[in-house]
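First up is the structure itself, then whatever we jot down about it.
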Amino acid sequence: MIGQHDALTSTSGAHFAFTDRWGGVSAAPYEQLNLGGAVGDDPAAVRANRTAAAESLGLDAARVVWMNQVHGRDVAVVEKPWNSDGIPAVDAVVTARRGLALAVLTADCVPVLLADPVAGVAAAAHAGRPGLLAGVVPAAVEAMVARGAEPARITARTGPAVCGRCYEVPDAMRAEVAAAVPQSWSETSWGTPSVDVAAGVHAQLAALGVEDRHRSRICTVESADHFSYRRDRTTGRLAGYVWLGAS
């Protein structure tokens, strides 16, 4: 359920975790631990998977904040889970409420988890190629800083995502992204233009003064243990979780 290379980690009261695709109840093509509620899977299976994943982390599934991700840069500041009015369309959530878990769904995009345990502020962001260009990660950091976080104290973790060796794009698209974030320029293993979104995210974080950063070595396209939209099209979603323990 929590992959061998994506296990729960803790840094001075900040907790980070990334799931793999195993240990859930979803049937093919979403097998097994699909946590995405908008990909065509049985809603009951998704609810069971979210409960199981939360419980494996010692969390209350009802106290996990999810997003309606739309590849933008909007950030929501939250103090509690969403009410019955629905989940807003945002690609980052920030909280100063300890014990409240934030979740981000991915299946090739970069899940970005951020925390400043001293200030008691955490964030989760969804960074695909459009989000990288839009600046969703800088927007999340800005929202954290507005609530007392300091970039030099922020710990950043990015989870399994498509790597630059596999994310083939047209040459003009690579040029567009690289013009905004040069570190994203890449080439596939077969010699065609590509984008390394995770490298771009880490470059943005470094420019903001976030020094404590860790990047997962897992490429979702290459790993049979992870969901990949690029590889399979109809598939499930992984989740990254971040929360702060009691001070």
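Applying a 4.7 Å cutoff between beta carbons, the unpaired cysteines of the chain are C109, C166. Remark: the N83-T188 segment gains 33.5 nm on full extension, using 0.36 nm per residue and subtracting the alpha carbon distance.
At R0 = 41 Å, how high is the FRET efficiency between D42 and S12 if r is their beta carbon distance? Nearest 0.05 is fine. That pair, D42 with S12, gives E of 0.55. When peptides 232-243, 20-31 are ranked by their average number of other Cβ atoms within 10 Å per residue, the highest-first order is 232-243, 20-31. Other residues lying with their Cβ under 12 Å from the Cβ of A149 contribute a combined charge of -1, Lys and Arg counting +1, Asp and Glu -1.
Applying 0.36 nm per residue to the separation of D60 and V118 and subtracting their alpha-carbon distance, the gain on full extension is 18.5 nm. Looking at region 128-218, the chymotrypsin sites (Phe, Trp or Tyr not before Pro) that sit in a DSSP loop and have at most 15 other Cβ atoms within 10 Å of their own Cβ are W190.
With Cα atoms defining each centre, region 174-247 and region 44-89 are spaced 22 Å apart in the structure. Multiplying the residue separation of N68 and D232 by 0.36 nm and subtracting their alpha-carbon distance yields 56.9 nm.
Return the Rg/Rh value of the chain, two decimal places, where both radii are evaluated on C-alpha atoms and Rh is the Kirkwood radius.
Here the Rg-to-Rh quotient is 0.95.
By the helix-only formula, in which each DSSP H run with n ≥ 4 contributes -39500 (n - 2.57) and the sum is divided by residues, the chain has a 222 nm mean residue ellipticity of -6500 deg cm²/dmol. The modelled label-to-label distance for the pair R147/A27, using points 7 Å beyond Cα in the direction of Cβ, is 4.0 nm.
All of the numbers you see were taken from the coordinates with simple rules; none came from a lab. From a predicted model like this one, the values you see are computed outputs, not experimental measurements. Cβ atoms come from the backbone with ideal geometry, glycine included; neighbour counts cover every protein chain shown.
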